[in-house]
Amino acid sequence: MRAAPTILHLDMDAFYASVEQASKPSLRGKAVIVGGLGPRGVVATASYEARRFGVHSAMPMGQARRLCPNGACLIPRFSLYRQVSDVVMAMLRELSPLVEPLSLDEAFVDLEAGGVAFDARTARETGERLRADIRAATGLSGSVGLAGSKMLAKVASEEAKPAGLLLIEPGTERELLAPMSVRTLPGVGPATGEHLRRAGITLVGELVEAGEDELVRMVGRSAGAGLYRMALGLDDRPVVAERDAKSVSVEDTFDVDLHDRVRIRGEVQRLADRCVRRLRGSGHSGRTIVLKVRRYDFSTLTRSETLRGPTDDPAVVREAAARLLEGVDTTGGVRLLGVGVTGLADYTQEDLFAQSLAAEPDGADRAEGADGADRADGAEGAAGADAAEGAAGSGAEAVAAGTPEAGAEGTTGAHEALETPGEPEPSPERRWTAGSDVRHAVYGPGWVQGSGVGRVTVRFEQPGSEPGRVRTFRVDDPELEPSDPLPLVGEGP
C-alpha cells in the first residue's frame, strides 16, 4: 500500500456501445446493444440506456431483444475499437512508462513512476486532465479511480461510473469498503459469493468481522487469506508494464447444432487457420494445440496435444486439431468449436521437430459441466473481444431494431421508398450485417440498419454529422460497397 493515491485505473464507459453511439449520431441517447446477432449470439456490451432495461454483458442476444425491443442491436466492429483503444493507451503512456493494459478499454497507470503525481492533489489534477484529454481526442468518456493500490483504484473507478472520478485517500479504505458487497472484491464470483451468503456474509465489513481463520476454514487457505487481506484494503501488487500472452485462441458458436462430421472437421480446420493468423500477428509461436468442443447439452470438452517444439505453421496446427477431434464424441450435435495455442514462444522451432510424428498427446479431456453457457466475456477486453467476434460470426442478416424492417420505433430521419422496386431477386453472395460500415457512390458513408428479403437498409450519417436519412437498396446494388470505419474525431461531415 502506498501513502499517496498515485495508482490510477481507467475504465472507458460502455466502450463498444459508446463508440457506436459516437460514430452513429442517430443512436446518441438511445439503447445500443453490441454482440452476436444470430440466434445464439451473446451481448458483448450495452449502452447505459439499454442497461436500464436489464441488458448486460454475456446475456443471450435473444433475451436482450426481449428486454429491450427498441434497442439497436449491432455487430461488433473490433477494428474501430482497437483504433480508439490505441489512442487512449498512447495517452496513458505519456503519463507514465508503467501502464498495465487489462483490455481494450481498461488499464492501470503508475503516476508516481511517471513523475506526474506524488500526492492526492496532483493525482486528482492528473486524473481530471486525462479524462478531458480523452474526451477531446475520442469524444468518449472514461471513469477514473485513484488509490494507493491496484485493487482500490479499480473499486474507485467502478464507483465513479459513468464519466466520473473517485479518489480514495489512504487510511479510509476499510471505511469505504465495509458497506460494499463481497462481489466487489476481485476474484469473488457468483459461486464464492453464494457460498459466503449461505454463511451469512454479504458485505466486505462482515468478512473482516469473520476473521482470517474462519475464512480459511470456509474457502481454503490461499483464498481465505487473500480474501481477508482484500477486505482490509491491503494490496501490494505493482503496476506491470508488460504482461506476456499465455495463449491465443478463436472460437465460434453456431446458430444450429452441427451434426455432420465432415462439416465439423471443416470448421475446425477453418478455426485453426484463424488461430494461426492471430498467433503470427502477435509475433508468437506455440507448443500446445487445444481443441474446445461444446456439445448440444452444454457440456464442454477440452483436449490438447503438445508438440516437441513451438510452431506457427498452419498445416501443423490443422493436423493436430484434426487428431484431437477424432477423440471427441460429437453424437447429438455441436454448438461451439474453438482452437487455441498455448505454451507461447517468441521463436519457431524447425518444422522437423514440430511435425505431427513428434507430437506428444497430453490426454487432457476436461468436462466443464452443463453450466458453461455460451457467452462473450463480460469485460470488454481482448479476451472478450475474441469471444464476441466468434459470436458475431453466427448472425448474418439480423435486423437492427429501429429500422422499418424491424417494426420498431424509428430513429430521427425519414425513410424513403425502395430505390429499385420490382427488380429480380439478387444473388445471395452479398450480405450486409447490422452496424457495418458502407459507402454509396451517390449518398456517401453510412451504416447498415438491417437486411433481408434481398434488400439492405442504410442510414447515411457519420461522426459529427446530424442524424441522417434512411434509404433501402437491393443487396447487390453496384453503387453500395463495404467501407472502413471513419474516425470518431477529426473529420467533419
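Is there a residue in the range 245-264 that is closer than 30 Å to Glu169 by Cβ and aliphatic (A, V, I, L, M)? Don't jump to the end; show me each part of the working.
Within the range 245-264, the subset closer than 30 Å to Glu169 by Cβ is none.
The answer is no; no qualifying residue exists.
Out of (1) open to solvent by less than 50 Å² (accessible area, probe 1.4 Å); (2) within 30 Å of the chain's Cα centre (by Cα), the odd one out for Pro170 is which?
Only one criterion is unmet by Pro170, namely (2).
Within the range 306-332, which residues are assigned to a loop (DSSP other than H, G, I, E, B) and either in contact with a His (Cβ under 6 Å, 6 or more places away or on another chain) or closer than 21 Å to Arg280 by Cβ (or both)?
Asp312, Asp313 - these are the residues of the range 306-332 that are assigned to a loop (DSSP other than H, G, I, E, B) and either in contact with a His (Cβ under 6 Å, 6 or more places away or on another chain) or closer than 21 Å to Arg280 by Cβ (or both).
Condition (residue is of a type in the set (S, T, N, Q), at pLDDT below 50 and surrounded by 20 or more Cβ atoms within 10 Å (Cβ to Cβ)) applied to the range 411-421: is it met by at least one residue?
yes
Could you tell me which numbered condition Asp235 fails, if it satisfies all but one of (1) of a type in the set (D, E, K, R); (2) surrounded by 20 or more Cβ atoms within 10 Å (Cβ to Cβ); (3) under 28 Å from Leu301 (Cα atoms)?
Evaluating Asp235 over (1) of a type in the set (D, E, K, R); (2) surrounded by 20 or more Cβ atoms within 10 Å (Cβ to Cβ); (3) under 28 Å from Leu301 (Cα atoms) leaves (3) as the failure.
Of Ala137, Ala163, which residue is assigned to a loop (DSSP other than H, G, I, E, B), open to solvent by 30 Å² or more (accessible area, probe 1.4 Å), in contact (Cβ under 8 Å) with a residue 60 or more places away in the chain and within 30 Å of Gln449 (Cβ to Cβ)?
From the options Ala137, Ala163, the qualifying one is Ala163.
Of all residues being free of Cβ contacts under 8 Å to residues at least 12 places away in the same chain and among the basic types (Lys, Arg) in the range 110-134, which is most open to solvent (accessible area, probe 1.4 Å)? Just the residue, please.
Checking each candidate, the answer is Arg121.
Does Arg294 satisfy the condition of being basic (Lys, Arg) and either without any contact (Cβ under 8 Å) to a residue 12 or more places away in the chain or open to solvent by less than 30 Å² (accessible area, probe 1.4 Å) (or both)?
Values: basic (Lys, Arg): yes; either without any contact (Cβ under 8 Å) to a residue 12 or more places away in the chain or open to solvent by less than 30 Å² (accessible area, probe 1.4 Å) (or both): yes.
In short, yes.
Would you pick out the residues in the range 437-480 that are within 27 Å of the chain's Cα centre (by Cα), small (Gly, Ala, Ser) and open to solvent by 30 Å² or more (accessible area, probe 1.4 Å)?
Hit for the range 437-480 is Gly464, nothing else.
Name the single residue, out of those in the range 265-291 being out of contact with any helix residue (DSSP H, G or I) (no Cβ under 7 Å at 6 or more places or on another chain) and among the hydrophobic types (A, V, I, L, M, F, W, C), that is modelled with the lowest pLDDT.
Leu279
Considering only the range 262-285, how many residues are open to solvent by less than 90 Å² (accessible area, probe 1.4 Å), more than 14 Å from Ala321 (Cα to Cα) and touching a residue at least 12 places away in the same chain (Cβ under 8 Å)?
Selection size over the range 262-285: 6.
Just give me the residues in the range 46-58 being over 15 Å from Ala22 (Cα atoms) and either acidic (Asp, Glu) or in contact (Cβ under 8 Å) with a residue 60 or more places away in the chain (or both), in sequence order.
Answer for the range 46-58, where residues must be over 15 Å from Ala22 (Cα atoms) and either acidic (Asp, Glu) or in contact (Cβ under 8 Å) with a residue 60 or more places away in the chain (or both): His56, Ser57, Ala58.
Looking only at strands (runs of 3 or more DSSP E) that fall completely inside the range 429-469, which ones have 1 or more residues that are free of Cβ contacts under 8 Å to residues at least 24 places away in the same chain?
Counting at least 1 such residues, we get 444-452, 455-460.
Could you figure out which of (1) exposed (fewer than 15 other Cβ atoms within 10 Å of the Cβ); (2) modelled with pLDDT of 90 or more; (3) closer than 30 Å to Arg124 by Cβ; (4) not charged (D, E, K, R) isn't true of Gly187?
Against the list (1) exposed (fewer than 15 other Cβ atoms within 10 Å of the Cβ); (2) modelled with pLDDT of 90 or more; (3) closer than 30 Å to Arg124 by Cβ; (4) not charged (D, E, K, R), Gly187 comes up short only on (2).
Does Leu102 qualify as being open to solvent by 10 Å² or more (accessible area, probe 1.4 Å), in a strand (DSSP E or B) and touching a Gly at 6+ places or on another chain (Cβ under 9 Å)?
yes
The values are calculated or read from the model by the stated rules, or taken from the named source; none is laboratory data. Owing to the predicted nature of the structure, the values given are computational and were not obtained by experimental measurement. Backbone-built Cβ (ideal geometry, glycine too); neighbour counts: all protein chains shown. These accessible areas exclude ligands, DNA and RNA; they are computed on the full protein's heavy atoms, side chains included. Shrake-Rupley method; radii C 1.70, N 1.55, O 1.52, S 1.80 Å.
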